[in-house]
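No lab work stands behind these numbers, since they all come straight from the coordinates. No experiment lies behind these values; they were computed from the predicted model shown. FYI the Cβ positions are ideal-geometry reconstructions off the backbone, even for glycines, and counts take in every protein chain you see.
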């Protein structure tokens, strides 16, 4: 992997980690902010998948659908299918709570599940990235 690609992969992974840390801070606040927290989980998942794709020199378009990104990852490594349910759960958080609706924010349990799923996805993908580096 060339130096420029390595740098870009590192940038994606740092951004993913910042999103995950933002979620943890938002949910551990005295008054937890669940809607923004789950949004950052989706963002962290999106960025870690883009880090992997970048590490494999695979082009992707600007998108927020984790399912589409995951299909690209699966085309390179079938083991990414393991994350299909996670992508299905996290993808809607990109927009689900951005606008007024009947449900203003996810429950505390949904937010905690989002953190756990995101952490698992990041561990899984980082193992794959570290094999490439």
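Could you list, in sequence order, all residues of segment 46-62 that are free of Cβ contacts under 8 Å to residues at least 40 places away in the same chain and either surrounded by 14 or more Cβ atoms within 10 Å (Cβ to Cβ) or touching a helix residue (DSSP H, G or I) at 6+ places or on another chain (Cβ under 7 Å) (or both)?
Across segment 46-62, the qualifying residues are 47, 50, 53, 58, 60.
I need the full set of residues from segment 100-113 which are part of a loop (DSSP other than H, G, I, E, B) and surrounded by 14 or more Cβ atoms within 10 Å (Cβ to Cβ), in order please.
105, 106
List the number of the failed condition for residue 118; all other conditions in (1) surrounded by fewer than 16 Cβ atoms within 10 Å (Cβ to Cβ); (2) in contact (Cβ under 8 Å) with a residue 24 or more places away in the chain; (3) in a helix (DSSP H, G or I) hold.
Of (1) surrounded by fewer than 16 Cβ atoms within 10 Å (Cβ to Cβ); (2) in contact (Cβ under 8 Å) with a residue 24 or more places away in the chain; (3) in a helix (DSSP H, G or I), only one is false for residue 118: (1).
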